[in-house]
Amino acid sequence: MVRAERVHKSFGPVRVLRGIDLEVRAGEVFCLVGPSGSGKSTFLRCINHLEKIDAGRLYVDGRLVGYRQRGDTLYEMREREVAEQRRDIGMVFQRFNLFPHMTAAENVMEAPVQVKGVRRAQARERAEALLARVGLADRMDNYPAQLSGGQQQRVAIARALAMDPKLMLFDEPTSALDPELVGEVLDVMRGLAEDGMTMIVVTHEMGFAREVGDSLVFMDDGAVVESGHPREVLNDPKHPRTRAFLSKVL
Ligand code: ADP
Ligand code: MG
């Protein structure tokens, strides 16, 4: 579903991604862990067209991200094609980023109505189903300010699912939550995983990675340091930097 080949990204002189190679298979829960500043968010943002890579190749579902290739030459995609690619990818951020002036249901309906031209009545029905799926059937008409952080994050997940993404990106989805609200969000993510969604999850929740993850990559300083099955990497980290990091978060 995702393949990165020697992906590089710099901001000015700062080399943030230094040749990332990795592969995410369809249906897999792929956990990306590493210290703050190691480039995890930047990598997710490159997948979702929020940043452009400087070198290497990045593919989603077999297609180059943001470029078309003819022979050996790459051409930048037109805006419409970029929009099409982005539609297939759902993203959930640390901060919930809901539209504050819209109810939970309206937040979930917004993209299908505005981007896909779905009729409001139909979008509302779908929003009801999605909000029920994340355990918020009774919160449809609440505004974000009336919801807890955990509830807001679940609305954000429902909103991403409303576009029927092939791939879901989670960037520390529970890091901004009070500890007692983390579980309800992880439970929703676990349900998505059981339904076969392909997910890349940046997280410090090693319990989740161990129980739900299919692969885990440890990143440091813009590079993949170690990867494998989550239990393997977490129980028996090979690299000193992985060990040092895990000793702090476990
Ligand atoms: P992580 O998510 O692993 O904490 P990030 O991808 O957010 O790491 O950031 C990696 C590095 O890139 C950091 O040093 C950060 O300051 C830098 N960085 C991220 N985005 C930008 C930007 N838009 N402009 C300049 N530097 C950036
Ligand atoms: Mg980050």
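Taking 88, 187, 171 in turn, the Gaussian network model of the chain (Cα-Cα springs below 10 Å) assigns the largest fluctuation to 187.
List the pairs from 40/166; 40/116; 166/248; 52/166 whose alpha-carbon separation is above 23 Å, in the order I gave them. Please report the intermediate quantities before stating the final value.
Numbers: 40/166 20 Å; 40/116 30 Å; 166/248 34 Å; 52/166 21 Å.
Where the Cα-Cα span goes over 23 Å, the pairs concerned are 40/116; 166/248.
Ranked by the mean number of other Cβ atoms within 10 Å of their residues, highest first, the peptides 222-230, 64-72, 52-60 come out as 222-230, 52-60, 64-72.
Looking at the chain, the pairs of alpha carbons with a distance over 27 Å make up 38% of the total. Just for the chain, what percent of DSSP beta bridges are antiparallel, to the closest 5? About 60 percent, rounded to the nearest 5. Basic side chains Lys and Arg get +1 at the Cβ, acidic Asp and Glu get -1 at the Cβ, and with that the dipole of the stretch 159-250 about its Cα centre reaches some 320 debye. Set against the 2.2 N^0.38 Å expectation for a compact globular protein, the stretch 99-164 has a Cα radius of gyration ratio of 0.97.
How large is the dipole of the chain about the Cα centre if only Lys and Arg carry +1 and Asp and Glu carry -1, each at its Cβ, rounded to the nearest 20 debye?
Details: 35 positive and 36 negative charges, 148 e Å.
Dipole about the Cα centre, nearest 20: 700 debye.
Estimated from helices alone, the mean residue ellipticity of the chain at 222 nm is -11500 deg cm²/dmol (sum of -39500 (n - 2.57) over DSSP H runs with n ≥ 4, per residue).
Positive end of the dipole of the chain (Cβ unit charges, origin at the Cα centre): among 234, 153, 117, the Cα lying farthest that way belongs to 117. Using Cβ point charges alone (K and R +1, D and E -1), the dipole size of the stretch 99-164 about the Cα centre works out to roughly 140 debye.
None of the figures in this text is laboratory data; all of them are computed from the coordinates on show. Note that the structure is a prediction, hence the values are computed from the model and not measured. Backbone-built Cβ (ideal geometry, glycine too); neighbour counts: all protein chains shown.
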